[in-house]
1. Looking at the structure I just gave you, is residue 28 aromatic (Phe, Trp, Tyr), more than 18 Å from residue 127 (Cα to Cα) and open to solvent by less than 60 Å² (accessible area, probe 1.4 Å)?
2. Sort out for me the helices (runs of 4 or more DSSP H) sitting completely within region 249-324 that have 3 or more residues that are open to solvent by less than 20 Å² (accessible area, probe 1.4 Å) and not small (Gly, Ala, Ser).
3. Can you tell me which of 208, 164 is open to solvent by 30 Å² or more (accessible area, probe 1.4 Å) and modelled with pLDDT of 95 or more?
4. May I ask you to say which residue of 348, 334, 288 is within 25 Å of the chain's Cα centre (by Cα) and at pLDDT 95 or above?
5. For region 93-113, enumerate the residues that are closer than 26 Å to residue 187 by Cβ and touching a Ser or Thr at 6+ places or on another chain (Cβ under 8 Å).
6. Only one residue in 402, 450, 398 is touching a Gly at 6+ places or on another chain (Cβ under 6 Å), over 20 Å from residue 471 (Cα atoms) and charged (D, E, K, R). Which one?
7. How many of the residues in region 465-483 are open to solvent by 20 Å² or more (accessible area, probe 1.4 Å) and touching a residue at least 12 places away in the same chain (Cβ under 8 Å)?
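The values are calculated or read from the model by the stated rules, or taken from the named source; none is laboratory data. Because the structure is a prediction, the values reported are computed rather than measured. Reconstructed Cβ throughout: ideal geometry from the backbone, glycine too, with neighbour counts over all protein chains shown. These accessible areas exclude ligands, DNA and RNA; they are computed on the full protein's heavy atoms, side chains included. Shrake-Rupley method; radii C 1.70, N 1.55, O 1.52, S 1.80 Å.
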Amino acid sequence: MAEQILILDFGSQYTQLIARRVRELNVYCEIHPYNHIPEILSNYKGVILSGSPCSVRDDRAPDVDLTIFKDIPVLGVCYGAQLIAHKNGGLVLPSQIREYGRALLTTVDHHNELLKEISIDSQVWMSHADTISSIPDEFEVIASTPSVKIAAFRLRGKKLFGIQFHPEVTHTTEGKNLLRNFVVTICGCAQDWTPDQFVETTVADLKQKLGNDKVVMALSGGVDSTVAAMLVHQAIGKNLYCIFVDNGLLRKDEFEQVLHSYKGMGLNIKGVDAKEEFYKALKNLSEPEAKRKAIGRTFIEIFDVEAHRIEDVKWLGQGTIYPDVIESVSVKGPSATIKSHHNVGGLPAKMKMKVVEPLNTLFKDEVRLVGKTLGIDPLILGRHPFPGPGLGIRILGEITPENVRILQEVDSIFISGLRKFGLYEKVWQAGAMLLPVYSVGVMGDERTYEKVAALRAVISVDGMTADWAHLPHDFLSEVSSDIINKVKGVNRVVYDISSKPPATIEWE
Ligand code: XMP
């Protein structure tokens, strides 16, 4: 078991960032809600208390009994620091002056291990409405800014620290050094959690857990399911049965290409052409949620039939990643359904199998690093996210094979154009939508009355928020004329300039 840091989440928007920064130091860490602390703490070498939108002065402020950590070092960040001060008799009051944004650490106690090699005048990021106005005698201030005297403090002689700024955001220029001082120097973590090590221990664990059992997995051609499958494959080889369903809503030629690359990777993969079943289930449906549900249901039915063809299969493999896990147990509770995502979510219940999820402790960028270690083709690892319901939620209104054909052509011109112009890697996700709108055009001497296609490309980190990509005009112009000239059925192209929120990335 890797050495671990426990991050207790009090609901801050930055909690995941703390975890990512710690992992960038090659130290494994886990996020747990403050009210679901693991019972056994002996695996943890340090604890970080996150920030929070709450105030410690609220009646129902999130709280934690700090004595349970005994001698494990603790670092409180923002709310975490205020909580430590408050619980030990310090005074936390509403800030009189603005404590939001950049500030400089004008006093730094360099004798303190937490602040080793943190420069005087180092820039930090503040974001709090409350401030610690006094700390008890046993505590001492170890860093200040001109307006925040108690920017950092510690309990004398103990490994208990609080900082009111956010070391995890990039605006705190030496934040990573501070976190390194905490996890490496103070907690003594060995920095040996690397993708290679992850692969080695995960494959060994999977071998032990799965033994000679058979596992079935649905692959999508995406990064997560591919990396998850390769890990399981390394552990149990041909006992892993992979299924790739053509739902008739994939990108142009995607089914053949992806199957080909899976075979090249040595996976035991079966391609299932289920286009007709999906089109049948989608007939006469145009309401977005009804379409998503029909696609999800049909997928489960087909996968279930295919999985039952494999004798004695005990496990269902899934490419669930860490943000999905955190989301489902977060302080705020599972987030409200805006769209019914994760169309394969109903699989485990339906199939009554044990579930194996080898990536459920990794963030997306870590999945890519693990994929690289496993030797997976960079073209697969660098692929944009693509929704499970595929083009089904990009064809507005009813889905027909003809609409799918039109959109596949449009999308293919757009995506290959992005690659040709060196823009594919610069955007987070891109795709085309087919609108149920006809407009008048002219081609040669003929009047046309055809459909409108919308192009969408976004810049994002995790898909939760996104900005529209400011693609060069000459690129847009070339792609637009290519589409209108080559794709029969489309005579107008528009570019989507909406950010998320308030729009979403997909149109349905
Ligand atoms: P939205 O449209 O909610 O999309 O801004 C955010 C990200 O999620 C993807 N997405 C889905 N992925 N099943 C999936 O596997 C779905 O039903 C689904 N809906 C949206 C979307 O492509 C984007 O990356």
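1. Considered against the rule, which asks whether it is aromatic (Phe, Trp, Tyr), more than 18 Å from residue 127 (Cα to Cα) and open to solvent by less than 60 Å² (accessible area, probe 1.4 Å), residue 28 comes out as yes.
2. In region 249-324, the matching helices (runs of 4 or more DSSP H) lie at 254-264, 288-308.
3. Every option except 208 fails the conditions.
4. 288
5. 105, 107, 108, 113
6. Going through 402, 450, 398 in turn, just one is touching a Gly at 6+ places or on another chain (Cβ under 6 Å), over 20 Å from residue 471 (Cα atoms) and charged (D, E, K, R): 450.
7. 8
Let's see how each residue does on (1) touching an Asp or Glu at 6+ places or on another chain (Cβ under 8 Å); (2) assigned to a helix (DSSP H, G or I); (3) at pLDDT 95 or above; (4) open to solvent by 10 Å² or more (accessible area, probe 1.4 Å):
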{"residue": "13", "(1), (2), (3), (4)": "no, no, no, yes"}
{"residue": "42", "(1), (2), (3), (4)": "no, no, no, yes"}
{"residue": "72", "(1), (2), (3), (4)": "no, no, yes, yes"}
{"residue": "104", "(1), (2), (3), (4)": "yes, no, yes, yes"}
{"residue": "114", "(1), (2), (3), (4)": "no, yes, yes, no"}
